[in-house]
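Since every read-out is calculated from the coordinates, none of them should be taken as a lab result. What you see is a predicted model, and the numbers here were worked out from it, not measured in a lab. For neighbour counting, all protein chains shown are included, and Cβ atoms are generated from backbone atoms with ideal geometry for every residue, glycine included.
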């Protein structure tokens with residue numbers, strides 16, 4: 001059954017997201033560890049010395065997601081580099097490829113499934129190009 005997420009009110013559907021789809025489903029232990037890493041990262045994530053209003057979570061054991069409300073502070077190039085560095089460290093620890101942009105998630109019978117990109121796909125999809133929280137959670 002798909003997970004539900006209780007976001008604070010500042011994380012509306014227009015918040016910016018970064019999606020890193022796994023190369024294989026995460027185990028419960030790996031998901032818990034990855035969640036700890038994302039929580040620690042977003043608690044200290046800054047851009048030009050200003051705290052980002054952000055959160056992160058493991059989506060369905062199939063993706064790592066970072067969400068930023070950029071209404072007050074926008075992510076800069078350097079702060080986005082920090083995302084990639086942190087996600088790369090998680091990927092190395094878990095022996096995953098989190099940067100294969102051909103990995104997608106497809107909604108099949110109410111469950112998200114790991115899939116490869118298919119331009120003719122008609123089912124709801126999540127890709128690394130997903131940029132808004134609404135595109136991820138309000139399918």
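Side notes on the structure shown:
- Hey, residue 24 within 27 Å of residue 119 (Cβ to Cβ) and surrounded by 15 or more Cβ atoms within 10 Å (Cβ to Cβ) or not: no
- Flag if residue 48 is touching a residue at least 24 places away in the same chain (Cβ under 8 Å) and over 14 Å from the mean Cα position of the chain (by Cα): yes
- Test: residue in region 116-127 that is touching a residue at least 24 places away in the same chain (Cβ under 8 Å) and more than 17 Å from residue 35 (Cβ to Cβ): yes
- Taking the listed residues 61, 53, the one that is under 20 Å from residue 13 (Cβ atoms) and either surrounded by fewer than 21 Cβ atoms within 10 Å (Cβ to Cβ) or touching a residue at least 40 places away in the same chain (Cβ under 8 Å) (or both) is 53, with no other qualifying.
- Check on residue 119, part of a loop (DSSP other than H, G, I, E, B) and either touching a strand residue (DSSP E or B) at 6+ places or on another chain (Cβ under 8 Å) or within 19 Å of residue 52 (Cβ to Cβ) (or both): no
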